[in-house]
Structures are given as C-alpha cells and as structure tokens.
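We did not get these values from a lab; they are worked out from the coordinates using the rules stated. Computed from a prediction, not measured in an experiment: that's the story for all the values here. Virtual Cβ from ideal backbone geometry, glycine too; neighbours counted across all protein chains shown.
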Amino acid sequence: MFDLLVIGGGINGAGIARDAAGRGMKVALVEKDDLASHTSSASTKLVHGGLRYLEHYEFRLVREALHEREVLLKIAPHLVRPMRFVLPHDRGLRPKWMLRLGLFLYDHIGGRRTLPGSRGIDLRKPPHEAILQDRFRRGFEYSDCWVDDARLVVLNAVDARERGAEVMTRTECIALKRVGEHWRATLRAGGAGKTVRARAVVNAAGPWVDSVAAMATGGRAEAHLRLVKGSHIVIRRMFEGPHAYIFQNGDGRIVFAIPYERDFTLIGTTDQLFEGDPDAVTISEEERDYLCAVASEYFREPVEAADVVSTYAGIRPLYEDNAASNATVTRDYVFAIDAPDGETGGAPPLLSVYGGKITTYRKLAEHALERLGEHFAVPEAPWTADAVLPGGDFEHGFDAFVAEVRAIWPWLPEETALRFARAYGTRIERVIGRAQSLADLGRDLGGGMTEAEADYLHREEFAHTADDLLWRRSKLGLHMTAQAPEIVAAAR
Ligand SMILES: Cc1cc2nc3c(=O)[nH]c(=O)nc-3n(C[C@H](O)[C@H](O)[C@H](O)COP(=O)(O)OP(=O)(O)OC[C@H]3O[C@@H](n4cnc5c(N)ncnc54)[C@H](O)[C@@H]3O)c2cc1C
C-alpha cells in the first residue's frame, strides 16, 4: 500500500513525488509516456517571475516565482543559469515610464539577492546596434534565469526514487476507484495491467487533469481547464552574446528570442485555444508565420519560414478564470480537493493540480502537500528549499566547477565538458566512470552522444527510446543528421 500515488510525470508530479518521498511517505509516481514528454518539455524554459504578469495584477504569482528563482538557482546551480533580457522600447507600444515602473516592481517584490537589477540601455551601441533595426534607440535590461525544463523534471524524479519513491514511466493509470479507506488504481504498462493501492492520489496529469478527475469521481468532478497551445521555432543562431531579447508585439503579446543550445536561437511563444487531442500537438503554419513576423519587426535580418530548423508545441493546462483572452488567463496554480465525507469518516482524498509554472513547481509541491495534510497524515516538514537536486552539490559556483571538470578530464572536448557539467553536475563522474580517454566513452552515436552517456541515461535517468535521449535527457537531436536517431535507437 502506498501513502501517495502521483499521476503524471511532468514537473508538478515529479516535484510532488520528490517532496513527499523526502518526508518519508511511501510514494508511487506513474507517467503514461516518458518523463516530461508533454508540457514540461515544451516551455520557453524560463525560470522567471513573469514580467508580463504584472500587467494583469498577478502579484502573488510574480512574488512567489521571483522568490523561487533564487531557490532554484541555489538547489540546481548546474541546470539553472542567470540570463540578461533586453527589452527594446518601441514607440507606439508600452511607454517608457510603464516599462520602468514594471521593472522597478520586478526588481523589488521578489526578494532578489544574487541577480543584478534592471537598467536602461542604449540600443545604438554594440552589440545591439548590429542586431536590431535602426529605429530602436533605448531599451532596458533585466535579469531572469533559464533552465532545461525536461532535465529539471528528470532530476526531481531521480531524487524521488533515491528517497524511496517507485517511479513507473510508460505506465498509464486507466482506472481509479475508492475502496473503503484507500484508492485502487489500475495501471497499464506495455500491454500488461496491475493494481496498486494508495491512501491518497495526486492528479498532476497536466492537460489530462480534468479527464483523470472525471475518471476518479465517476464524472462528478467539475471541469476547470482551459487548454492554451504555445509554440516555438528554432532557427540558426541569429545573434552573438549570452543575452536574450523580449519583443513587444502590436497585439499586446510579447515574444522571446533566446540563445539556444550554442548554435541556435529559440523564438516563442504563441497563445491559442486548443481543443484537439493533447497527445498530438504541433505548431501550425499560422503560428510559425506569426513568430517569424514578430522577430522580423525587430531583427535587422528578417526571419523567414525557411530559416526554421526545428519547432515544438505544448499545451498550457490553465485554470479557467473566464479571462477574455488566452494570453491573460491566470498562470497561477489552483488545487481542487475531492474528499467527500464517507460513513466511516473522510474518504481518501484526490488532489488535482491546475495551472502552475516550471518556475513555481517546488512551492506548488509544498502547497499541495499542505492541502493534502488537511485530509490525511502528511509529515509536516517542508525540506526542499535547501536540498540540492542530484548533481548540484558543488561548492564554489558553476564556473569553478567547470574548471575542475576540465582539470580532472582534460581529454574531454571543451564543449562536451561544459555540456556534461550543465546536465549532470557532479554526477558527471557516473557518466564518465573509469574512462581515461574519449575513446573509452565508446562510439559517438551522433551529435556527441556517446555510448557511455546513453548507458548512464538508460541506467539512471529512466531513458528508453532515442527521443528520450535526444530531445529530453539532452537536446542533441538538434545537432544531428537525419540518420543519427536511428543509430542511437539501434545502440540499445
Ligand atoms: C508554450 C509554453 C511556454 C511555457 N513557458 C514557461 C516558462 O518559460 N517558464 C515557466 O515557468 N513555465 C512555462 N510554461 C508552463 C509550464 O511548462 C507548465 O505549467 C508545466 O510544464 C505543467 O506541468 P505539469 O506537470 O502540470 O504538466 P505536464 O508536463 O503535461 O505533465 C503531465 C503528465 O501527466 C501524464 N499523464 C496524463 N494522464 C495520465 C495517466 N492517466 N496516467 C499516467 N500519466 C498521465 C502526461 O503524459 C504528462 O506527461 C510554459 C508552458 C507552455 C505550454
């Protein structure tokens, strides 16, 4: 019997499973596909307060998210990295005083400690004058952070397992029923079925949260979701420098252009109501053209559809607050608890998670367990704010850690050393093992994924398929030739 069954291996499910397991609860996490295979690998990958949300008075969310930015920098110093964002002022759009006020609030409401504050900048000077069109003269620069979203999910799941959770990927929960004082869940994995019992269930099924809630309550649970698709395009690197741009568009929306995987620029996102099957979500031509058009309003060089080398799309599982526009629906999270009083006392609880951000997942997990604690015994000791994620336990900052890596394994190519340090932190030792030369890491399966790395990911990070390796555990898929994924798949 489990204390807690968590349905959904996105960021919210993985974060809740980790937190609960660390409190000593017996936890099962089930994910129907791969970890992070849906919304949690399709985000813009910002650990941010959400400057834009200030316009919609989402002060609670922004404050919590800014606070979490500092926490995540501390507990995942390998994965989360600071980034400066450049916001050009554009005549006819938001006035300067408004941008200045927004940034003042952004600098001050979230307990910023380590990141530099915002400042005004001259866009007629390098490097911006060579990147942006001539009409941009003044702008602002502020701090946020960037994270590999899928790896953040995986590291939470790895830590959950190391703290005793049973993590079952490619395992779908197909039925949920209350039986006396516990839940009985029917799971299906690769054609085989099994049943598990749990004292409480967390429904962190993202875009499927309404359907899982309906399955558990026989249709009694109210639907709360608004599904809003967001898409990104990836083009060859558009500009030099470690900074990102945040572009305002005439429709009131904003679009980011972010340095991505060394050789690329990531541009996104869109907001479109989605009514199809969340398992089959792709960018439309209209979204692609919209993103190209917004970027072309700013960059000297226009961005054309033919420049797009890769795309991805995801569904925001937002809490329906009846906002008029898809861009303004709240990005905050909301819980729904189903725990009707039975004859013998409270029925075993079901907690459903709506909304949320990658940025706020850790706090969301704490709040979820606090809410569950009103209905059954949850050890009351929040612990995750100070506990580093696997690989994050280096002492003197990321740059010093990279220098150490280069000194210990001087034969690792510089790019690989940096990539391994970012992805695996101190667990790089487990990836490299006893290898004493590049050749000892085995064949390059494509894009720099060696046999040793693939073995590690299969062994320790729940990877199974080529897509798991190339698009979620790493982003090496972007750097590969068309045939390489087959070579990776065949290598198992
Ligand atoms: C375009 C876009 C940009 C975004 N940008 C940012 C950003 O920059 N910063 C930020 O902080 N946030 C961002 N977000 C928000 C963030 O990505 C999401 O809030 C978050 O990923 C949601 O995670 P989740 O765990 O709730 O859902 P998901 O990641 O979708 O996870 C739910 C999982 O449940 C599984 N599941 C469903 N039903 C079952 C079942 N019956 N049995 C087993 N498993 C099941 C699914 O397979 C899925 O993997 C963005 C979102 C989008 C779409």
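Does the chain come out rounded, prolate or oblate, given a ≥ b ≥ c as the square roots of the eigenvalues of its C-alpha gyration tensor, rounded meaning a/c under 1.5 and, failing that, prolate meaning a/b above b/c?
oblate
Assign unit charges at the C-beta atoms only (+1 for Lys and Arg, -1 for Asp and Glu), then state the dipole size of the stretch 398-490 relative to its Cα centre in Debye, rounded to the nearest 20.
Magnitude of the dipole: close to 140 debye.
Quickly work out the Glu286-to-Ala223 label distance, labels modelled 7 Å from Cα along the C-beta direction, and quote it in nm with one decimal.
2.1 nm
As a test of the formula, what do you get for the chain when each DSSP H run with n ≥ 4 contributes -39,500 (n - 2.57) and the sum is divided by the residue count, at 222 nm and rounded to the nearest 500 deg cm²/dmol?
Rounded to the nearest 500, it is -8500 deg cm²/dmol.
Based on other C-beta atoms within 10 Å, arrange His128, His78 from fewest to most.
Placing the least packed residue first, the sequence is His128, His78.
Using unit Cβ charges (K, R positive; D, E negative) and no other charged atoms, how large, in debye to the nearest 20, is the dipole of the chain about its Cα centre?
The dipole magnitude comes to about 720 debye.
Picking from Gly193, Phe59, Ala324, whose Cα lies most toward the positive end of the charge dipole for the chain (charges on Cβ: Lys, Arg +1; Asp, Glu -1)?
Selected residue: Phe59.
For the chain, what is the percent of antiparallel DSSP beta bridges, rounded to the nearest 5?
Here the antiparallel bridges make up roughly 80 percent for the chain.
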